Structures are given as C-alpha cells and as structure tokens.
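**Q** One structure, as structure tokens, below. Some questions next.
The values are calculated or read from the model by the stated rules, or taken from the named source; none is laboratory data. Treat the numbers as computed from the prediction; the structure is a model and nothing was measured. So basically every Cβ, Gly included, is an ideal-geometry build from the backbone, and we count neighbours across all protein chains shown.
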Amino acid sequence: MAENRQIRIALAGNPNCGKTTMFNNITGAKQHVGNYAGVTVEKKEGHANFNGRDLLFIDLPGTYSLTARSLDELVARNVIVNDNPDVIVNVLDASNLERNLYLAAQLLELEKPMVIALNMSDVAEEMGIKYDFKKMAELTGATIVSTVGRTNIGTKELLEATISVAASQKAPGVTVNYGDLLEGKIAELVAALEEAGTVTYPLRWIAIKLLENDPDVVEKVKGFANTEAVLQKAAAIREEIKDQVDLDIVFQEYRHRYAVEVYNQSLTQAPKEIETRSDRYDKILTHRIWGLPIFMIVMYLLFAFVNIVGGIPQGWIEDGFAALQAYAVQNIPEGQLQSLVSDGIIAGVGAVLSFLPLILLLFLGISFLEDTGYMARAAFVIDRVMRACGLHGKSFIPLLLGFGCSVPSVMGARILDNYKDRMVTILITPFMTCSARLPVYILFANAFFPNGWDSTLVVFSVYFLGIIFGVIFAKIFRKFIFSGEAEPFVMELPPYHLPTLKATWLHMYERAKLYII
Ligand code: GDP
Ligand code: MG
C-alpha cells in the first residue's frame, strides 16, 4: 500500500475487554461520536498519527459473536465486510481468553489482516497465567501484542504491529475446521460461488453463513447476479444434512472447540486457583440475600445524585434563562420578533440546556458504575425480575431515572446493548411518572378527593398504575413489535476496577455533546 495513505482500523472485541480504554489511549481527544447510518448504534471514530502515518480507528460495538441476531453484531461485521478496513485489531481479555477467542474465530473468517491485543495482561499476570505468543500467533494467523489499557502499556507496540500488518495485507490464512461432513459441503458451496463469479465477499465465509441460513447473508447473496443456483444448492444441502447435524448449533460448537483448542495450546501456565479481590467483593455484592438491598441503595444514591444534586444547577440555568427572557422582552419592542427571541429561541434553548446538569451527572454516575464493574452485577441481580416483564436487567436504571425525569431516562437507555431492549425500554419510559408530573397529580387529587388521606392514596395509585401499565406495554411491545428471541444474559462479570479519570471524563463529555447536538 502507498506509504502515506490513511490506514483504516476496525477495533473489535467482547464487551468489557478494554476496547474503549485502548481507543481513548490511542486517539485521545481526536475522536467523534455519531450513529451508524440508518441505525441507532453508536459509531465512534478517532484519529491517531503514529510514525508519520494517519490511522483511523473505528470502535465497533462490543459483541460476543457476529451473528445476524442482534443489531450490534450485524453492525460490527458489516463495518468489516463492507467498509473494508485495512486491519482488524481484536482486543481480547487475557484473563478470560477462552471466551474471548470465540469472537476471534469468527473474525478470522472475514479474511482481513488481524492483530490481537492481549489486553488486561496485568490481570492475567496476577492470576499467574502465561501464554506462548508464538503458538498463539501460529494458531490464529494474527500478530499478538500484550497490552494493559488502563496504564497505556503496549500501545506503541500495538500501533507498530498494526501498521506493519496493514502494509503486508496478509489475511490470517487460518480457518476453523468444521469437520469432514461440513467441510465437504462448504467446499461444494464455495465452488458454486466461484462458478457464479459475482459475489465479492470472502467466499468461505459466505458459504458457511449460507449453511447457517444467516438471513442477512442470504439477502446479500440475493443482491448479486447469477446466484440463484448457489442459494438453491445451499437450501438443498441444509435439507440433506439436517438430520445428521443440528444446523442451529453445529457451527457454533466447532468455533467454540477452536477457541478451546487455541487456548489450551497457547497456555503455558494455567491460572492459579486463588480467590481474587473481585471474587471477595462479589461474595457480598451479588449475595443471594444482600445483593438486592445493596442494589436498591446504590440505585437510590444514583437517583438522588442525578435528580437532587442535578436539580440545583438546573434551577440556576432556568433562572438565568428567565432573566435573559425578561431582558429580551424589555429591550425588543412587542411583536413577532420579541416573541421569536424570548418565547422561541431563549425559552427553547433554555429548556434543552436546563437538562444538561442532569445528563452530565447521569452519565458521570453511569460511567462510574460501568467502569467499576458494578453495572454488570446490578444488571445480574435484577435481571430475573426485569426479564419476567419482558425487559433486560440493564433496563432498570433508565426506568428508575424516569421517575425523576424522562429526558435522562431516554438518554440512559443507551447503556442497553441490544436494539430491541433499548426500544422497549424507551417506549415504556413515559409510564414512569416523572417528578414534573407530581404537582399536577397532587392538584387534581386534591380537587377530586379533598380528604387528605384519599388524595395521597390517589397519587400513590397513579404512580403504581403507571408501573403496571409500563409492564403490560413492555410485554405487548415485546410480543408484537420487537418480537424474537430475547437476548440471552451472557453478560460477564468483569473484575472490579477503579475507573480512570480520563475514561469517565470522555464518557461524560461525549454523551453531553450528543445530547446538546
Ligand atoms: P470495553 O467495554 O471493551 O469498551 O471496555 P472498557 O474500555 O470500557 O474497559 C472496561 C474496564 O476495564 C474499565 O474499568 C477499564 O478501566 C478497565 N481496563 C481496561 N483495560 C484494562 C487493563 O489492561 N487492565 C485492567 N486491570 N483493567 C483494564
Ligand atoms: Mg466500550
């Protein structure tokens, strides 16, 4: 490749492997956040200049897999196959490598040059784990670099490896072996695809995905000329072998087997059976009995922090804009211009900005909970209850915030990784009575039920009914609009960490910017 061309790098990895931390280390402030075209999945891109080269990093959504089942997974893989990055940098959690390699197995199939960043190597070291990097490189076809995102160790080596792998343009050249039966069928389909000669994606990947009946890939293939025969053949093969193998899981099993094999063969020293600090915290924080009350207290603190503390500067901003409004009314002659400036521009911008303190504190709180690792526990503790309502454990936080104010609540739904979970949560947010409605409730309750005790009960029941309706509608939305398999709860419990100031600040800054825009 030309010496001075920009190198495009897709950063892929499981949730919580430290991807965003690395991204921030590398790109610093030179990043921008938006949404992927047409979908509400956050897109983060950032630049870095290294050794005179311009590097563009794309932080893909964190996923465990690359199926068509969830929007985040689809986005991640479509960026890789459609946007043609020069290199994939796959960030793996070295302290939990076996699980992390499952994603690597799928990335391999996209036939892009790959660098593996073995992140969290400090944690792995603490656990006594050692790997044979040469063996791992051989088995994955990737260049391996050991990193510690938190303390910015290995970043330079990672960038060097990335540039050199990009220059070589060498795909891993390693494949997951799916066993004789499937390999034979994959070869048949690849031959058919070659004969058609039109499909521009990696053919082996397409063949595998057709056998898996991946709806997105089937659509992609339909879009190429001359592929009817291929699609028919794929359907015929599926029909032919469906009694011999369970097509729904057989490919996943082989990928998993690959991950286990790479792990076992690369491992030179197994983790010590020690109780880590995280294990000790978990004994209390996810305790069968104490877990829930602790969760409630943390949630109350978050709620109070956002609404009570945030309410103070919110009041100042509102007063400020009211004063500005009064000033405008005094100084602009009465008429349409006055109305435009005072009721339109000042009141409008003021209303939006008055929520800014709440948004800032919300994301400060959320990013603290996420970065320390408590968020995953919180979601885990409440997941069963929420799931019974057709929601995800993580929906709890945005919904709770809805009792304070719906604006941060809807913004907070961004913490949900899955599109459908996010949408259902947002749609039922209005059923959570926000605090601005309370005076209205009290007014009506007192007007219609003048006896003091009654009106209290009335207000309480309105709150309660709101929750009941929220649950009912969540079920209805789940069933009819955002139906389909609910995302299984595969969230891992990451080790507890002290969050870095930089990550927390960037998190808050980005969300606040998105909100204002
Ligand atoms: P992402 O979900 O992959 O984007 O992960 P994040 O970048 O948000 O990191 C998750 C947590 O792991 C944060 O608390 C980070 O501070 C922490 N972290 C990231 N890299 C490392 C590392 O190399 N070692 C340790 N001990 N912690 C890390
Ligand atoms: Mg991240």
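**Q** Quick one: would you say residue 66 is aliphatic (A, V, I, L, M), free of Cβ contacts under 8 Å to residues at least 60 places away in the same chain, within 30 Å of residue 183 (Cβ to Cβ) and within 16 Å of ligand 2 (Cβ to nearest atom)?
**A** Criteria not met by residue 66.
**Q** Please verify whether residue 161 is surrounded by 17 or more Cβ atoms within 10 Å (Cβ to Cβ) and either in contact with a helix residue (DSSP H, G or I) (Cβ under 6 Å, 6 or more places away or on another chain) or without any contact (Cβ under 8 Å) to a residue 60 or more places away in the chain (or both), treating the condition exactly as stated.
**A** yes
**Q** Here's a follow-up. Determine whether segment 260-274 contains at least one residue that is buried (at least 16 other Cβ atoms within 10 Å of the Cβ), under 30 Å from residue 379 (Cα atoms) and within 27 Å of the chain's Cα centre (by Cα).
**A** Checked against the condition, which is being buried (at least 16 other Cβ atoms within 10 Å of the Cβ), under 30 Å from residue 379 (Cα atoms) and within 27 Å of the chain's Cα centre (by Cα), segment 260-274 yields at least one hit.
Quick grid of which residues meet (1) within 21 Å of residue 508 (Cβ to Cβ); (2) touching a strand residue (DSSP E or B) at 6+ places or on another chain (Cβ under 9 Å); (3) not hydrophobic (A, V, I, L, M, F, W, C):
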{"site": "328", "(1), (2), (3)": "no, no, no"}
{"site": "334", "(1), (2), (3)": "no, no, yes"}
{"site": "350", "(1), (2), (3)": "no, no, yes"}
{"site": "357", "(1), (2), (3)": "yes, no, yes"}
{"site": "362", "(1), (2), (3)": "yes, no, no"}
{"site": "368", "(1), (2), (3)": "yes, no, no"}
{"site": "373", "(1), (2), (3)": "yes, no, yes"}
{"site": "411", "(1), (2), (3)": "yes, no, no"}
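**Q** Return the residues of segment 123-136 that are at pLDDT 95 or above and buried (at least 16 other Cβ atoms within 10 Å of the Cβ); say none if nothing qualifies.
**A** Within segment 123-136, 131, 133, 136 meet the criteria.
Listed here are the residues, each with its yes/no results for (1) more than 30 Å from residue 289 (Cβ to Cβ); (2) in contact (Cβ under 8 Å) with a residue 40 or more places away in the chain; (3) of a type outside the set (Lys, Arg); (4) not assigned by TED's automatic domain parsing to the domain that holds residue 298.
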site: 333; (1), (2), (3), (4): yes, no, yes, no
site: 336; (1), (2), (3), (4): yes, no, yes, no
site: 365; (1), (2), (3), (4): no, yes, yes, no
site: 373; (1), (2), (3), (4): no, yes, yes, no
site: 376; (1), (2), (3), (4): no, yes, yes, no
site: 389; (1), (2), (3), (4): no, yes, yes, no
site: 400; (1), (2), (3), (4): no, yes, yes, no
site: 412; (1), (2), (3), (4): no, yes, yes, no
site: 432; (1), (2), (3), (4): no, no, yes, no
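**Q** In addition: Out of all the residues in segment 1-52, which are in a strand (DSSP E or B) and small (Gly, Ala, Ser)?
**A** Result: 10, 12, 13, 34, 46, 48.
**Q** Let me ask another. So is residue 104 more than 16 Å from residue 18 (Cβ to Cβ) and in the same structural domain as residue 34 (by TED's automatic domain parsing) or not?
**A** The answer is no for residue 104.
**Q** Taking the conditions exactly as written (closer than 22 Å to residue 110 by Cα, touching a residue at least 12 places away in the same chain (Cβ under 8 Å), touching a Cys at 6+ places or on another chain (Cβ under 8 Å) and of a type in the set (A, V, I, L, M, F, W, C)), does residue 92 satisfy them or not?
**A** In short, yes.
**Q** Which of the residues that make up segment 6-36 are farther than 16 Å from residue 80 by Cβ, at pLDDT below 90 and away from ligand 2 (no atom under 11 Å from the Cβ)?
**A** Result: 28, 29, 30, 31, 32, 33, 34, 35.
**Q** Right, residue 143: of a type in the set (S, T, N, Q), surrounded by 20 or more Cβ atoms within 10 Å (Cβ to Cβ), at pLDDT 95 or above and within 16 Å of ligand 1 (Cβ to nearest atom) or not? Steps first, please.
**A** On the way: of a type in the set (S, T, N, Q): yes; surrounded by 20 or more Cβ atoms within 10 Å (Cβ to Cβ): yes; at pLDDT 95 or above: yes; within 16 Å of ligand 1 (Cβ to nearest atom): no.
Against the criterion (of a type in the set (S, T, N, Q), surrounded by 20 or more Cβ atoms within 10 Å (Cβ to Cβ), at pLDDT 95 or above and within 16 Å of ligand 1 (Cβ to nearest atom)), residue 143 does not qualify.
**Q** Under 7 Å between Cβ atoms, which residue pairs at least 6 apart in sequence (or on different chains) link something in segment 1-30 that is in contact (Cβ under 8 Å) with a residue 24 or more places away in the chain with a partner that is within 9 Å of ligand 2 (Cβ to nearest atom) and of a type in the set (Asp, Glu)?
**A** 11/59; 19/59; 20/59; 23/59
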